[in-house]
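Report on one structure; see the data block that follows.
The values are calculated or read from the model by the stated rules, or taken from the named source; none is laboratory data. None of the values given here were measured: they were computed from a predicted structure. Cβ placement follows ideal geometry from the backbone for every residue including glycine, while neighbour counts extend to all protein chains displayed. Just the protein is used for accessible areas: all its heavy atoms, side chains included, with ligands, DNA and RNA removed. Shrake-Rupley method; radii C 1.70, N 1.55, O 1.52, S 1.80 Å.
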Amino acid sequence: GALESSIRSSLYCILLIIVYIFERFTAAEILELVNVLGIPEKIVTEARHKFTGIEALCLLLARFRSSGEIYILTLLYCRSASAVSQIVNELCLGINDSWSHLLNFDHQGLMKTENLVCYAAAIAAIAPHDPIGFIDCTIRQIARPKYYQRVAYNGHKRFHALKFQALVIPNGLFA
């Protein structure tokens with residue numbers, strides 16, 4: 001009765017905070033993710049912190065969205081830092097246990113000799129030399145760091161950023 005409606009209203013507020021602040025998911029998408037990922041309706045951590053599945057997923061998404069301090073999440077969700085940390089870790093492990101078969105890298109398929117020959121033939125049709133891949137650079141904006149601001153500042157993009165470089169094979173996957 002009253003407790004359930006109180007929980008629902010608090011969950012609704014949490015969803016609004018996530019949607020408003022992080023602008024990555026709608027409330028409907030978060031509810032769909034909970035169902036698709038098979039997150040239980042109620043979760044109890046090892047330290048006996050109790051979370052709903054929606055709240056746990058929202059905390060996980062918020063934690064992954066920002067590399068900022070966990071203190072902000074403790075204020076938004078009225079939870080202790082240890083509770084937030086535990087639910088994020090436990091939910092990550094649970095998702096990994098359930099979906100790791102889709103997350104594993106296929107070493108035998110991508111780098112097989114036959115595939116490398118196919119990649120080389122595709123590139124040779126375009127390039128006269130013998131390249132095995134292409135360098136891909138991804139720039140990700142970050143919050144202004146407290147230390148080493150000059151190192152993290154990207155003058156071309158005019159914001160603080162991290163730059164990731166990798167070798168991409170012809171089928172678009174990272175090698």
Using the heavy atoms of the protein chains alone and a 1.4 angstrom probe, what is the accessible area of the stretch 44-87 per residue in square angstrom? 55
Taking 0.36 nm per residue of separation and subtracting the Cα-Cα distance, what length does fully extending Arg48 through Arg140 add? 29.5 nm
Eligible lysines near Lys42 by straight Cα distance, threshold 19 Å, same-chain separation 8 or greater: Lys50
Please work out the FRET efficiency for the pair Ala122 and His101, using the Cβ-Cβ distance as r and a Förster radius of 30 Å; give the result to the nearest 0.05. 0.55
Accessible surface of Phe134 - all protein chains present, 1.4 Å probe, nearest 10 Å²: 100
The correct ranking of Phe159, Phe164, Phe51, Phe64 by accessible area at 1.4 Å, largest first, is Phe64, Phe164, Phe159, Phe51
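Net charge within 15 Å of Ala166 by Cβ-Cβ distance, Lys/Arg positive one each and Asp/Glu negative one each, not counting Ala166 itself? Intermediate results must be reported in sequence, preceding the final value.
On the way: positive: Arg140, Lys163; negative: Asp136.
So the environment of Ala166 carries a net charge of +1.
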With a 10 Å radius around each residue's Cβ, average the other Cβ atoms per peptide and rank 56-62, 145-151, 28-34, 94-100, highest first. 56-62, 28-34, 94-100, 145-151
Can you give the local net charge around Ile139? Use residues other than it whose beta-carbon is closer than 14 angstrom to its beta-carbon, Lys and Arg +1, Asp and Glu -1. +3
FRET efficiency, 1/(1 + (r/R0)^6) with R0 45 Å, evaluated for Gln165 and Glu114 via beta carbons: 0.95
